[in-house]
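Values quoted throughout were computed directly from the atomic coordinates according to the rules given, and no laboratory measurement underlies them. The shown structure was predicted, so the numbers you read here are calculated from the model rather than taken from an experiment. Quick reminder, even Gly has a Cβ in these numbers, built from the backbone with ideal geometry, and neighbours come from all protein chains shown.
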Amino acid sequence: MNFTELNIIEPILKAIDEAGYTEPTEIQKQSIPIVLEGNDIIGCAQTGTGKTASFAIPILQNLTNKPKKTKGIRTLILTPTRELAVQIDDNFKLYSKNLPIRHLAIFGGVNQKPQISTIKNGIDILIATPGRLLDLIGQGYIKLNQLEILVLDEADRMLDMGFVNDIKKILKLVPEERQTLFFSATMPKPIRKFAHSVLRRPKEVNVTPVSSTAETVEQFVYHVDKDNKVELLVQILKENPEERTLIFTRTKHGANRLVRHLEKVGIPAAAIHGDKSQNARQRALNEFKEEKLKVLIATDIAARGIDIDMLPYVINFELPNVPETYVHRIGRTGRAGKEGKAISFCAPDEKGDLINIEKLIGRYVNVLKTPKMEKKPSSSSSTNKTTNSGAKKEFFKKKNDRNRRRK
């Protein structure tokens with residue numbers, strides 16, 4: 001199937017073609033016709049599946065086909081973080097380039113004056129984080145009484161971050177007669193119950209989590225005791241200090257702890273997770289994208305929306321309990337045909353997680369020999385340094401051999 005078979009109008013098709021896309025993803029194939037028909041939808045799909053385009057494209061088409069009667073906001077997209085708001089806004093900019101549709105992203109942590117100025121000039125589509133939206137509503141700059149379409153994106157994350165009361169306040173301010181699109185990466189019972197409380201006879205779309213990993217990603221695993229993980233990580237990062245590395249931890253506290261450990265040994269790092277302010281997360285992400293910061297540590301939920309070209313390394317400091325999460329983690333590298341490397345640390349109590357991951361991806365992850373390590377005293381001996389210098393030799397030998405072959 002290609003995009004022309006989805007009955008998309010020519011201006012949007014042209015924008016899709018100019019962006020280099022030819023075939024819709026599974027979530028797009030299923031969702032676009034449903035939204036075009038004006039139905040409510042529950043979409044369960046993870047980041048990286050093309051979810052944003054699955055609602056951006058039909059929203060743009062529906063607004064174009066239905067002439068605007070007032071100056072009011074016609075579509076509201078609620079999203080939990082600043083970086084996701086920016087990413088969604090970028091999608092609307094991409095697909096609306098040939099349309100007279102005006103859109104804006106608003107979020108906290110920045111001066112509100114430019115946002116207010118654009119709102120006063122009139123916009124069709126508003127992408128907003130709940131806090132800034134309620135703030136500007138309270139100041140009298142935004143009214144939602146003309147709203148036609150409401151989108152709740154990353155709904156599970158919004159509830160996880162404590163936005164449920166904000167969302168309920170916003171729902172009281174929008175017309176009951178509207179189209180509502182509800183997207184979530186996960187669909188536990190509380191999320192599903194909440195979805196059905198705000199939707200009317202929704203159509204449901206579930207995209208099976210991706211189980212294959214890109215051929216361009218080389219995968220490695222170290223079997224290492226939990227107490228030795230930090231020591232091994234430091235060695236890996238010091239062996240390759242010029243490359244950007246995205247490191248995943250299971251918890252927010254684990255991410256913070258890891259930043260402190262790395263900074264103690266002279267490796268600058270930053271953590272992004274739900275307890276960090278949007279401003280702090282965006283600053284860390286920008287510094288990482290601009291290569292001012294080489295090490296970024298993230299939890300899985302905070303990492304949604306991270307889209308970085310040419311990211312060479314992903315490290316799973318802790319293996320995820322959900323095998324599909326592994327696929328999405330390492331999918332941050334090896335994009336667009338570029339080579340990438342994914343390294344996982346597997347402690348004895350994580351071996352079951354590794355087995356489940358290998359079952360899902362249908363292959364064994366290459367095992368690298370882990371050096372014998374002891375917990376270091378505060379001042380490292382030269383013997384320890386010599387022992388640890390072998391921690392990454394096997395991994396980087398592969399890289400150097402390939403580089404020599406290319407020359």
The helix 51-65 Cα axis meets the longest alpha-carbon principal axis of the chain at an angle in degrees, between 0 and 90 and rounded to 10, of 20
Between Asp275 and Glu290, the two model label points (7 Å from Cα along the beta-carbon direction) sit apart by a distance in nm of 2.7
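Cut-off is 10 Å between beta-carbons; in what order do Met373, Met1 appear when sorted fewest neighbours first? Write down the numbers at each step before the final one.
On the way: Met373 18, Met1 9.
Ranking Met373, Met1 by Cβ neighbours within 10 Å, fewest first, gives Met1, Met373.
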Helix 26-36: inclination vs the chain longest Cα principal axis, degrees, rounded to 10, gives 10
Between the modelled labels at His223 and Asn98 (7 Å from Cα along Cα→Cβ) the distance in nm is 5.7
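Can you put Val224, Val110 in order of Cβ neighbours within 10 angstrom, beginning with the fewest?
Val110, Val224
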Relative to the chain, whose Cα atoms define the longest principal axis, helix 82-95 and its Cα axis are tilted in degrees, nearest 10, by 60
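So, with +1 on the Cβ of K and R and -1 on the Cβ of D and E, and no other charges, what is the size of the charge dipole of the chain about its Cα centre, to the nearest 20 debye? List each step's numbers first, then the result.
Details: 66 positive and 48 negative charges, 178 e Å.
In debye, rounded to 20, the chain gives about 860.
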Subtracting the Cα-Cα distance of Glu242 and Arg178 from 0.36 nm times their residue separation yields 17.9 nm
Distribution output for the range 3-206: share of Cα-Cα pairs per 5 Å bin in percent, first bin at 0, values 1, 7, 17, 21, 22, 17, 10, 4, 0
In nanometres, the difference between 0.36 nm per residue of separation and the alpha-carbon distance of Gln112 and Lys71 is 12.7 nm
Computed over the chain, the relative contact order (Cα-Cα under 8 Å, seq sep at least six) in percent reads 16
Per the 1/(1 + (r/R0)^6) rule, R0 = 25 Å and r from the Cβ atoms of Thr186 and Ile308, FRET efficiency to 0.05 is 0.60
With bins of 20 Å, the percent of all Cα-Cα pairs of the chain per bin from 0 is 25, 53, 21, 2
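Rank the residues Ser117, Ser31 as a footprinting-exposure proxy: fewest other Cβ atoms within 10 Å of their Cβ go first. Mind showing how you got there, number by number?
Values: Ser117 10, Ser31 29.
Starting with the residue having the fewest Cβ neighbours, the order is Ser117, Ser31.
Please compare each pair in Lys113/Lys338; Lys193/Lys276; Lys14/Lys51 to a cut-off of 31 Å on the Cα-Cα distance and tell me which ones are over it.
Numbers: Lys113/Lys338 41 Å; Lys193/Lys276 28 Å; Lys14/Lys51 20 Å.
Pairs exceeding 31 Å: Lys113/Lys338.
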Between Lys143 and Glu339, Cβ-based FRET efficiency (R0 41 Å, step 0.05) works out to 0.20
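Want the number for Val265 to Met1: 0.36 nm per residue separation, take away the alpha-carbon distance, what's left?
On the way: separation 264, 0.36 × 264 = 95.04 nm, distance 5.26 nm.
Gain on extension, Val265 to Met1, equals 89.8 nm.
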